[in-house]
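Asks: Mind having a look at this structure? Questions to follow.
The values are calculated or read from the model by the stated rules, or taken from the named source; none is laboratory data. Just so it is clear, the model here is predicted, and its values are computed rather than measured. Ideal geometry is used to build each Cβ from the backbone, glycine not excepted, and the neighbour counts take in all protein chains shown.
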Amino acid sequence: MAKIALLGPFTDKMQASFQEILPAGFELFLVPTKEEYDKLPDADYIVFRTLEIREETIKTLRRTKLIQRWGVGYDIVDIQAAGEHRIPVAIMSGINATQVAEMTILQTLAALRNLIPLHNGMANGQWLKKEFEKRSYVIQGKQVGIVGLGNIGLKVAALFRAFGANIAYYDTPRRPVEIEAPVGARYMSLDKLLETSDIVSLHVPLLESTRHMINKAAIALMKPTAVIINTSRGGIIDEAALYEALSNNRLLGAGLDVFENEPLLQDSPLRSLKNVVMSPHIGGSTVDNNGTMAKRAIENIVNVSMGQEVSPGDLVNAQYLRKD
Ligand code: NAD
């Protein structure tokens, strides 16, 4: 029997999605917390969510033939160490682009229309119309600057287009015209995008090249009426610089689904701001996607079990993968 470890917090519904489609010859076991990492050497396959997999763990994996991410971002696994230990690491490319894109729109509208302070005011018996109508904006006719026009960025571009926004983007390298044209995306430098956009939305992975890409100097380029939305990874924004800008009304607002420390620290100053919309890294997670995600994990596992390669779109450590 080949053993699949579900590493991290998998809800009952997520586990049921696996059980429903589990092929003969495979069984699941749970490793919900870091305290149980000593079970991992029994795993032929690991599907992981939230918990990190660093080199000291990878060294102990004697049987593991695939490390599969539940989702897309893979900054919590050491892909180089896995590759050197001959273990491919796969993501589920594009699997939750719709979820994250919808969250991006939700946070943008909430930030532009001050939904959170207005709602809190209503709940507290206040009628804050006068205070907030002077800082309330629409999406239509505005420039949305998308940083990273990949699976999520493209979906975000298409949704903002439907609101009548103009789409600008920055990526490295520039995407082909066949990708840009259907969403009407105009390529520009990051500085120009920051200077000219009303809404800046981040959709790049967390890499050394993207860490603190939005720092004090970058924020200084932005319009004081702009909002910034981060549904990618916390480390991409320098949170201290963002807090300073938001608390001085140097920006209109921000939407944040991701943070430099997760869960967000109890004493984070971001909690005190009125012009920030926050959610607990839930952009990619909706219960109606569990089945599709479990299916993708099982497809990759079955392919590897039959000696096939993981599809190139999902494999993220090809450059490090030893095959000898
Ligand atoms: P993707 O790989 O399809 O797209 C990422 C894009 O960023 C690519 O076009 C790439 O060329 C570009 N890029 C990479 N490095 C860059 C750089 N230095 N400068 C400019 N552009 C650069 O990934 P995706 O599926 O669109 O996901 C994007 C990120 O969103 C993921 O890496 C993940 O961290 C995050 N994410 C968050 C959630 C959530 O729940 N909030 C869910 C899924 C994904």
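Asks: Taking the residues in the stretch 62-86 that are of a type in the set (A, V, I, L, M) and buried (at least 21 other Cβ atoms within 10 Å of the Cβ) as candidates, determine which candidate is nearest to residue 316 (Cα to Cα).
Replies: The qualifying residue nearest to residue 316 (Cα to Cα) is 79.
Asks: Does the stretch 18-31 include one or more residues that are within 16 Å of the ligand (Cβ to nearest atom), crowded, with 21+ Cβ neighbours inside 10 Å, modelled with pLDDT of 95 or more and outside any loop (DSSP other than H, G, I, E, B)?
Replies: For the stretch 18-31, residues within 16 Å of the ligand (Cβ to nearest atom), crowded, with 21+ Cβ neighbours inside 10 Å, modelled with pLDDT of 95 or more and outside any loop (DSSP other than H, G, I, E, B): absent.
Asks: Also, quick follow-up: Limited to the stretch 269-324, what total is found for residues that are within 25 Å of residue 79 (Cβ to Cβ), more than 16 Å from the ligand (Cβ to nearest atom) and of a type in the set (Ser, Thr, Tyr)?
Replies: 2
Asks: If you don't mind, another one. Going by the conditions given, is residue 191 closer than 20 Å to residue 251 by Cβ, within 16 Å of the ligand (Cβ to nearest atom), modelled with pLDDT of 95 or more and among the acidic types (Asp, Glu)?
Replies: Here the answer is yes, as residue 191 does meet what is asked.
Asks: Return yes when residue 195 is in contact (Cβ under 8 Å) with a residue 24 or more places away in the chain and over 26 Å from residue 279 (Cβ atoms) and no when it is not.
Replies: The answer is yes for residue 195.
Asks: Restrict the check to the stretch 224-235 and report whether at least one residue is over 21 Å from residue 279 (Cα atoms) and not hydroxyl-bearing (Ser, Thr, Tyr).
Replies: Yes: the stretch 224-235 contains one or more residues that are over 21 Å from residue 279 (Cα atoms) and not hydroxyl-bearing (Ser, Thr, Tyr).
Asks: Moving on to the next point. Which of (1) away from the ligand (no atom under 14 Å from the Cβ); (2) in contact with a strand residue (DSSP E or B) (Cβ under 7 Å, 6 or more places away or on another chain) does residue 217 not meet, given it meets every other one?
Replies: (2)
Asks: If you scan the stretch 159-176, which residues turn out to be loosely packed, with under 15 Cβ neighbours inside 10 Å and either closer than 18 Å to residue 94 by Cα or within 15 Å of the ligand (Cβ to nearest atom) (or both)?
Replies: 172, 173, 174, 176
Asks: Any idea which of (1) touching a Gly at 6+ places or on another chain (Cβ under 6 Å); (2) closer than 19 Å to residue 132 by Cβ; (3) within 16 Å of the ligand (Cβ to nearest atom) is the one residue 257 doesn't satisfy?
Replies: Checking residue 257 against (1) touching a Gly at 6+ places or on another chain (Cβ under 6 Å); (2) closer than 19 Å to residue 132 by Cβ; (3) within 16 Å of the ligand (Cβ to nearest atom), the one that fails is (2).
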